[in-house]
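The values are calculated or read from the model by the stated rules, or taken from the named source; none is laboratory data. Everything numeric in this text was worked out from a predicted model, so none of it was measured. Note that we place each Cβ from the backbone using ideal geometry, even for glycine, and neighbour counts take in every protein chain shown. In case anyone asks, the SASA skips ligands and DNA or RNA and just uses the protein heavy atoms, side chains included. Shrake-Rupley method; radii C 1.70, N 1.55, O 1.52, S 1.80 Å.
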Amino acid sequence: MNTPIEAAPQGSPALRLHRQLVPIWATGPGLHRLAAVNHSVIGVRFMATAFVFFAIGGVLGMLTRVQLATPDAAFMDSETYNQIFTMHGSILLFLFAIPMLEGIAVYLTPKMLGARDFAFPRLTAYGYWCYLFGGMILTGSLIAGVAPNSGWFMYTPLSSNVYTPGINADVWLLGVTFVEISALTLSVEIVVSILKMRAPGMSLDRMPIFGWYMLVTALMMVVAFPPLILASILLEAERAFGLPFFDPRRGGDPLLWQHLFWLFGHPDVYIILLPMAGLLSTMIPVLANRTLIGYRAIVVAIIALAFVSFGIWVHHMFTVGIPHLALAFFSAGTAIVAVPTAVQIFAWLATLAHGRPRWNVPMLYVFGFLFTFVIGGLTGVMLSIVPFDWQAHDTYFVVAHFHYVVGGALAFPLLAGLYYWLPLLTGRTAVHQLSVPAFWLVFIGFNLTFFLMHLTGLLGMPRRIYTYPGHEGWIWLNLLSSVGGFIMTIGFGLVVIDLLAQLRYGRRVRRDPWRATTLEWAMPIPPAPYAFASIPHVKARADCVASGELALSLARGEGYLGFARNGWQETLGVHMTSGAPEQLIVLSRPSYLPLCTALATAATVLAMLFQFYLLTLAVGLLVAGLLVFAGQNAGLARDYGPLPVGHGVSVPPHTEVADAPPWLALIFTLVADGTLFTSLLFGTLYLWISAPNWPPAAAPEPNLLLVLASFAALAIAAAAARGSLRSGAAGRAPQGWIALAAIALVAALAAAVVLIGGVIPPPRAHALGATASALLGYVALHAGIGLLFLLSNLMRLAAGFISRQRLLDLRLTRLWLDYTALTGAVALALVLVLPTLAAILETRP
Ligand code: HAS
Ligand code: CU
């Protein structure tokens with residue numbers, strides 16, 4: 001990585017500081033790169049890997065266009081086509097769109113917020129490796145000819161083992177869940193980092209608009225992914241073990257899959273849109289030479305959008321047979337979503353209209369975005385109208401809609417952003433002879449391909465067919481769409497050549513080529529591994545900063561933390577809303593553990609895929625062990641009290657404060673976990689209310705005594721965790737309490753396992769038994785994880801990481817066990833009342 005030496009004369013304070021900080025923050029050479037945890041390194045890896053998947057997904061899309069270019073084409077058979085179109089969608093949405101936005105978040109957010117890194121560098125690295133391995137498993141299946149073939153939405157019953165007996169669907173369920181879990185960990189990290197790790201003085205209302213966009217997106221991810229993860233687990237349980245959650249013959253319901261999938265799938269489209277809108281809201285003011293119009297309105301709009309987007313998933317299910325009142329509700333809700341989107345569009349247009357826009361390459365792509373996205377948005381509003389949707393559903397009209405929005409919302413802003421931020425990454429600007437023709441090829445090709453699909457759709461061409469006879473009047477439209485696809489591909493090819501040319505031949509820039517106003521430019525170009533040699537104090541809105549001048553003073557160490565101490569990777573933690581400095585966050589160093597843990601996780605997934613369940617259990621335990629081990633040297637092994645951080649301010653290290661990043665991380669993890677649990681409750685009650693073949697023939701009779709014992713044990717464990725925290729705070733040894741909590745958890749776990757063994761009707765016979773055992777399994781799993789918390793507490797007590805001042809570990813355990821007791825009570829109560837609930841039903845065929 002280049003260094004900021006050019007920013008300062010030899011021997012200057014800036015150079016001295018740089019020489020002190022680099023050894024602390026740098027990633028080692030050679031194989032040490034595998035241990036990298038730095039956000040700049042991992043962010044670039046995320047983005048580069050996502051681009052590779054973009055290319056793969058794009059080629060698959062082109063293959064479908066070859067097949068559909070002519071009627072009765074013999075280019076591929078139906079099975080191959082099914083695999084290819086499924087993988088096209090799955091790769092682009094799960095392996096390109098989401099990881100790309102994570103990469104951007106990881107790379108840019110800390111720099112824009114004035115932090116030196118994200119809160120949990122090793123977790124970032126683990127997330128990356130999981131993504132890479134999950135992606136490899138998915139693409140590998142394509143080469144092996146066993147790729148998923150039921151569409152990116154994996155509708156049951158098509159994806160159940162009756163209709164998809166091979167491992168194709170399992171690859172999707174396990175591979176995508178693997179990638180999603182990594183995305184979920186990253187989203188928690190993004191939320192915590194944005195809330196706690198900003199430059200001092202940056203209150204929430206001074207945050208650059210991109211910070212708001214990422215915060216809202218990450219919060220949406222925290223609650224959107226769990227329903228899909230749950231659905232995938234349930235479907236995999238049905239496929240592998242015969243638990244009939246989606247099988248209507250045994251009390252399941254295929255529609256439950258659609259509800260859970262779109263509960264994720266609809267918010268997901270805005271999860272893709274919002275970060276891109278964040279990039280636009282950052283670039284447009286700079287390119288238009290004026291501050292963003294409507295900062296507050298945009299913040300309100302995106303928060304509103306986030307809420308509304310969770311209430312309208314049913315617009316993907318208008319044709320499945322929904323009561324009329326519900327149709328009206330979801331239709332109106334969907335149309336309303338246009339309002340917060342329009343607020344942003346008009347804010348951007350107003351900013352452009354009131355500024356003096358520069359017509360350069362990023363701006364061309366901004367224009368491309370506005371054009372395509374508005375068309376796609378309008379067809380979205382058309383589809384929100386139920387009678388229209390009944391005609392257009394499952395036709396190419398929908399394909400046209402979502403390519404306009406996803407292409408418009410993703411490809412164009414992304415390329416704008418790439419041209420805009422690449423100088424920061426590489427220190428060079430673009431070679432423009434190629435950029436402009438490349439844009440026009442992409443733009444024309446895109447519109448030719450997808451605009452015509454509206455017409456093909458209105459002429460009745462269904463989605464997901466591998467060929468057509470040719471007498472329906474679709475021939476020319478399809479051929480021209482395919483031609484457009486090739487033009488677009490050539491355009492993307494030119495973009496790639498253009499970017500490679502920039503890396504090699506681009507004009508060198510020293511800093512801030514755009515006269516930008518955000519903090520990521522207030523550093524040397526390309527950024528040093530520590531990002532900021534010292535951390536700025538923010539006095540106004542942080543997207544109105546004179547980054548050029550600030551950069552020099554920060555490089556000289558005139559901000560906070562402009563020194564090295566104890567070889568620590570230090571950054572500042574602030575009060576969540578006011579931005580007042582509050583803690584010194586000491587980050588973890590490079591390590592091979594993230595890679596090893598991700599490898600073990602991948603092994604678990606593969607063992608499950610090939611149905612080696614004992615091996616799965618063994619490597620699963622290994623993963624748990626590695627995670628506990630990874631936590632062993634986190635934090636600091638002694639008390640420090642307040643430490644000076646510059647400008648006369650002293651704050652304690654994060655190990656000694658209440659609001660430390662791990663604490664918040666656990667809270668948001670539990671929010672995600674709670675969403676998963678709520679989805680499970682929803683699923684159980686949904687099946688009870690509307691699945692066919694209820695009630696089951698055999699009436700369940702859960703063992704009341706065992707249920708009560710299990711609950712009592714959970715309550716004792718939670719109380720003991722409180723005892724351990726109280727002893728810790730009073731300076732007494734908490735080991736006794738920890739042992740008590742462990743014994744109680746083992747008892748709860750055993751009771752839950754015995755209960756699962758005795759579930760009536762047997763879990764494979766009826767969905768009632770299956771849901772009851774899923775609820776009990778949830779309790780057992782959480783008790784088991786609680787044991788890991790306790791084990792870690794004991795080990796870290798022995799190693800001196802816990803003291804009267806440093807009680808974080810014990811607080812985390814208490815929170816986990818409280819959560820376990822609370823959800824356990826709900827789950828066990830539901831298991832108890834399920835028989836009564838089933839008994840009040842009239843027999844449903
Ligand atoms: Fe969508 C299906 C409705 C935005 C992505 N969408 C999809 C699928 C994807 C997707 C991937 O109601 C297919 C999934 C599959 O495989 O089946 N969508 C909307 C609406 C909006 C919308 C109302 N979608 C997006 C975005 C996406 C995305 C953003 C990705 C990034 N979408 C639907 C519906 C379906 C659907 C149905 C299901 C179809 C089916 O049958 O399967 C809105 O967020 C769009 C708001 C934006 C605008 C443009 C700018 C606003 C202006 C203000 C003035 C406009 C007004 C409206 C007041 C509206 C300029 C006037 C209305 C007129 C018609 C003139
Ligand atoms: Cu939707």
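The table for this structure:
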read-out	value
Accessible-area composition of the chain, carbon plus sulfur, in percent [1.4 Å probe]	72
Charge-dipole axis of the chain as Lys and Arg at +1 and Asp and Glu at -1 on Cβ define it, positive-most pick from ALA183, SER792, PHE94	SER792
Solvent-accessible heavy-atom area per residue, rounded to whole Å², over segment 420-560 at 1.4 Å	42
Per residue Cα convex hull volume in Å³ - calculated over segment 131-173	60
Residues VAL162 and PHE629, FRET efficiency given R0 of 45 Å [Cβ-Cβ distance, rounded to 0.05]	0.60
Cβ crowding within 10 Å averaged over residues, with 43-55, 183-195, 260-272 ranked highest first	183-195, 260-272, 43-55
Debye intensity ratio I(q)/I(0), log10, segment 73-204, q values 0.18, 0.22 Å⁻¹ (C-alpha model)	-0.91, -1.18
Where TRP359, TRP212 fall by accessible area, highest first, once all protein chains stay in place (1.4 Å)	TRP359, TRP212
Per-residue ³J(HN,Hα) for segment 121-128, Karplus 6.51 cos²θ - 1.76 cosθ + 1.60, θ = phi - 60°, Hz, x for Gly and Pro	x, 6, 5, 4, 5, 4, x, 5
Integer Hz, Karplus 6.51/-1.76/1.60 couplings in order for segment 189-200, x for Gly and Pro	4, 5, 4, 4, 5, 5, 6, 10, 10, 10, 5, x
20 °C / 1.002 mPa s Stokes-Einstein diffusion coefficient of segment 603-735, Kirkwood radius on C-alpha pairs, µm²/s	104
Quarter of the Cα convex hull surface for segment 506-618, i.e. its orientation-mean projected area (nm²)	12.2
Computed [θ] at 222 nm, deg cm²/dmol, the chain (DSSP H ≥ 4; -39,500 (n - 2.57); rounded to nearest 500)	-22000 deg cm²/dmol
Sequence of TRP737, TRP348 when ordered by accessible area, the most exposed leading, probe 1.4 angstrom	TRP737, TRP348
Separation in nanometres of the label points that stand 7 Å from Cα toward Cβ, at ARG732 and LEU685	4.3
Debye, to nearest 20: dipole size of segment 29-174, +1 on Lys, Arg Cβ, -1 on Asp, Glu Cβ	680
Rounded accessible area of THR655 (nearest 10 Å², 1.4 Å probe)	10
Under-5 Å amide H pairs with VAL431, H placed in peptide plane, nonlocal only	GLN502
Rg/Rh ratio calculated on Cα atoms of segment 69-123 (Kirkwood radius)	1.35
For segment 632-779, size of Cβ-based charge dipole, Lys and Arg +1, Asp and Glu -1, in debye	200
Segment 808-832 versus segment 19-58: alpha-carbon centroid distance in Å	38
Under the Karplus curve 6.51 cos²θ - 1.76 cosθ + 1.60, θ = phi - 60°, whole-Hz ³J(HN,Hα) for segment 509-520, x wherever Gly or Pro sits	10, 8, 7, 6, x, 9, 6, 6, 10, 10, 5, 5
1.4 Å probe accessible area per residue over segment 51-131, in Å²	24
Span from the segment 234-248 Cα centroid across to the segment 565-579 one, whole angstrom	47
Length added when fully stretched, GLU472-MET136, from 0.36 nm per residue minus Cα-Cα	117.0 nm
Formal net charge of residues neighbouring VAL398 (Cβ-Cβ distance under 12 Å; K, R +1; D, E -1)	0
Segment 1-134 - Kirkwood radius from inverse mean 1/r over Cα pairs (Å)	17.7
Accessible surface, 1.4 Å probe, highest first, among residues CYS130, CYS544	CYS544, CYS130
Amide proton proximity set for THR395, modelled H, under 5 Å, gap of 5+	ARG463
Proportion of all alpha-carbon pairs of the chain beyond 38 Å (%)	43
Fraction of the pair-distance distribution of segment 353-488 above 17 Å, Cα-Cα pairs, percent	64
Net charge dipole size for the chain [Lys, Arg +1 and Asp, Glu -1 on Cβ; Debye, nearest 20]	2420
Euclidean distance of C-alpha centroids, segment 674-715 and segment 118-159, integer Å	31
Surface accessible to a 1.4 Å probe, MET382 within the full protein complex, Å²	80
Global size of segment 651-710 as Cα Rg and Dmax, reported in angstrom	20.3, 65
Per-residue SASA entry for ARG541, accessible area with 1.4 Å probe, Å² rounded to 10	60
